[in-house]
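Encoded as structure tokens, the structure appears first; notes follow it.
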Amino acid sequence: MFRSLHMKLTMILLLLVTSLMAVMGAFLATSVSNFYVNSFYEQIDDVFSSASFFSSLRQAAAQSDGMERVREMMDANAGSLGIDYRTRNYYILDADGGYLCGSDDEGGGKLESTPNLLAAELGKTGEDSDVTADYMDAAIPLTAGDSGSIACIVYILDNKDTVSNLNSRLFLIIIQALVVGLLISLLLSFLLSKAMVIPIEKLTAGAERVASGEFGSKLPVESTDEIGVLTGTFNEMAGVLQETLQAVENERNKLDTLFLHMTDGVVAFDHDGLLIHSNPAAREMLRRELDSSCTYDELFSSLYPFSQMLALQRPNYAEGDMVVEGRTLELYLAPFSDQERGGVLIVLHDITEQHRNEERRKEFVANVSHELRTPLTNVRSYAETLRDAGGDIPRDTADGFLDIIINETDRMTHIVQDLLTLSRLDTGNAALNLSRFDFRDAIENVCRSNALAAKRRDQALSFRPDGDLPLITGDRSRLEQVMMNVIGNAIKYTQNGGHILVTAGTAGEQVWMEVSDDGIGIPEKDRERIFDRFYRVDKARSRESGGTGLGLSIAREIVERHFGVIGLVPHQGPGTTIRIALPIVPPQEGERPDR
Ligand code: ADP
């Protein structure tokens, strides 16, 4: 109930007014009381300090009818002494305090022994005041002649009823003032609430709206006072907060998009090792669903303990490798934020391809060295034999040796040429010389070139196009090189008297060509690898027929540069079928699909 500012203000004002009135009342009551007491003793002092009055009084008291005369003199000075015969009276007492006469006979019989009265009985003037007492009095002894004996005591007693009445009236006035003051303070608190509480309530409502993320409406600045300044500052603060939140939101969206589309995996764990973030790449690499129940320990504790990672000082990080379902992942682990609130961020990088490429590169270099070493050894040994024999060697033997040297040199040249072609295709330096040419004409041309080789081996080489073939766009000489290789292989790997059938046709936006033979075929286990560099099913046979093991790799590179496909297709019976499919018009730069 007293929690609202309005209530607090009202209560403060009421308390203020009440306490003010109480203090004022107490002050007034004390002042009035003091004033009354002081004026009582001053009046008595004024009257009795007059030497003529006092000596007249003593002389009168010494007479036989002294009491009557003293009484008359007191009545005569009643005004100066403030004696009103009701609240203040005088009494003439004998030396022992017994009542003789006075202005109040009734009271005179019931007089109490007060310290002042007792002092007077001992012969001293008793006019000490006692503010706590409910009366005030003064007792003046009148001595008779020179003997010093007390003839009578003049005793003046005031029962303070006047002060009490005055104080009661004052109290009433103060109560009335208090009621008026309370009403005024209620009014004031209402006005104050209008001036202060309502703007503060508006400010509070605005702050609540901002806290709930509603930044749109600005608070109206209705005054130039502190509350107005506070409202203005609040509006500015809300604006800055909105901009900051917007910037943070943008930054977060940017990061979210980055995480979503980046090829590297990212996972983050909180201080307790629970997963707080993962991106699709990480799920793909780790080959599992990642949710908030995943922990660091179940995924990566084999690399580094979590506590060790948290203890790392930024910008330090740890690296490690792990293998998941045959794929090699490279990991970078780093702590983020501080030890209390931070966690660990892990970036995963799939290096399987990199590993594979590295392996391929090593294998390739080993293959090249091996392929070149054999003919080089042959060349060297035949050349040495010729040199060592001098002129002793028969002519046809020497010619035979020289033929071998020339053949081996040709082989090396062939290998180097093929390697150069591959290297140019790899580095993209072998620009395609695109033109529109007749696909059928190109196949016929290649078949014609191979006709003699087939005839030598008594093989039937035939071309059977499936309907009309269109003009296609491509590098004719390179595509003819591919056809030469495939048809040449069919001749090479088919026994004498075998059959080689070349077919071709169109399928949608593509043309295709298939070369089938009934030769030695390719075992199932080798079918995957015959397009690899230097891969040969039967090394001896390939070398014998002048093969380098690079033909099909070059063919695949060329076909893929034309956005086509080359591969083995199922074949009925003994032999092999290789199919090449090419787009009639290769896609332009920019619209080409990813390879
Ligand atoms: P090569 O120069 O050895 O012929 P290629 O790259 O052209 O090299 O062919 C790779 C391997 O594929 C050959 O060594 C061969 O073993 C196999 N091969 C290719 N074509 C055929 C085919 N028509 N029949 C059987 N084996 C083939």
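Return a yes/no flag: does segment 178-199 have any residue that is open to solvent by less than 90 Å² (accessible area, probe 1.4 Å) and under 32 Å from the mean Cα position of the chain (by Cα). Checked segment 178-199: no residue is open to solvent by less than 90 Å² (accessible area, probe 1.4 Å) and under 32 Å from the mean Cα position of the chain (by Cα).
Table: residues versus (1) out of contact with any Ser or Thr (no Cβ under 9 Å at 6 or more places or on another chain); (2) open to solvent by 60 Å² or more (accessible area, probe 1.4 Å); (3) under 30 Å from Tyr317 (Cα atoms).
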| site | (1), (2), (3) |
| --- | --- |
| Leu345 | yes, yes, yes |
| Arg361 | yes, yes, no |
| Asn367 | yes, no, no |
| Asn378 | yes, no, no |
| Arg387 | yes, yes, no |
| Ile406 | yes, yes, no |
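When the helices (runs of 4 or more DSSP H) confined to segment 1-87 are screened for residues that are out of contact with any strand residue (DSSP E or B) (no Cβ under 7 Å at 6 or more places or on another chain) and closer than 30 Å to Lys202 by Cα, those reaching at least 1 such residues are found at 5-48. Taking residues in segment 16-33 that are in contact (Cβ under 8 Å) with a residue 60 or more places away in the chain and open to solvent by less than 60 Å² (accessible area, probe 1.4 Å), and partners anywhere that are in a helix (DSSP H, G or I) and among the aromatic types (Phe, Trp, Tyr), the pairs with Cβ atoms closer than 8 Å and at least 6 places apart or on different chains are Gly25/Phe171; Ala29/Phe171. Considering every residue within segment 578-586, establish whether at least one is closer than 30 Å to Thr413 by Cβ, near the ligand (Cβ under 8 Å from one of its atoms) and buried (at least 19 other Cβ atoms within 10 Å of the Cβ). Among the residues of segment 578-586, at least one is closer than 30 Å to Thr413 by Cβ, near the ligand (Cβ under 8 Å from one of its atoms) and buried (at least 19 other Cβ atoms within 10 Å of the Cβ), which makes the answer yes.
Return yes or no: is Arg464 among the charged types (D, E, K, R), out of contact with any Gly (no Cβ under 9 Å at 6 or more places or on another chain), open to solvent by 40 Å² or more (accessible area, probe 1.4 Å) and in a strand (DSSP E or B)? Criteria met by Arg464. So, in segment 97-114, exactly how many residues are exposed (fewer than 13 other Cβ atoms within 10 Å of the Cβ) and more than 20 Å from Glu68 (Cβ to Cβ)? Result for segment 97-114: 3. Say whether the condition of being crowded, with 17+ Cβ neighbours inside 10 Å, near the ligand (Cβ under 10 Å from one of its atoms), at pLDDT 90 or above and not hydrophobic (A, V, I, L, M, F, W, C) is met by at least one residue in segment 564-574. No, segment 564-574 contains no residue that is crowded, with 17+ Cβ neighbours inside 10 Å, near the ligand (Cβ under 10 Å from one of its atoms), at pLDDT 90 or above and not hydrophobic (A, V, I, L, M, F, W, C). Taking helices (runs of 4 or more DSSP H) as the structural unit, those lying wholly within segment 115-225 and holding at least 3 residues that are β-branched (Val, Ile, Thr) correspond to 161-192, 198-211. Taken as a whole, the condition of being more than 60 Å from the chain's Cα centre (by Cα), under 18 Å from Thr162 (Cβ atoms) and without any contact (Cβ under 8 Å) to a residue 12 or more places away in the chain applies to Thr132. Would you say Glu528 is out of contact with any helix residue (DSSP H, G or I) (no Cβ under 9 Å at 6 or more places or on another chain), at pLDDT 95 or above, open to solvent by 30 Å² or more (accessible area, probe 1.4 Å) and within 13 Å of the ligand (Cβ to nearest atom)? When the stated conditions are applied, Glu528 does not pass them.
The values are calculated or read from the model by the stated rules, or taken from the named source; none is laboratory data. Model, not experiment: these values are computed from the prediction. So basically every Cβ, Gly included, is an ideal-geometry build from the backbone, and we count neighbours across all protein chains shown. Heavy atoms of the whole protein, side chains included, go into the accessibility calculation; ligands, DNA and RNA do not. Shrake-Rupley method; radii C 1.70, N 1.55, O 1.52, S 1.80 Å.
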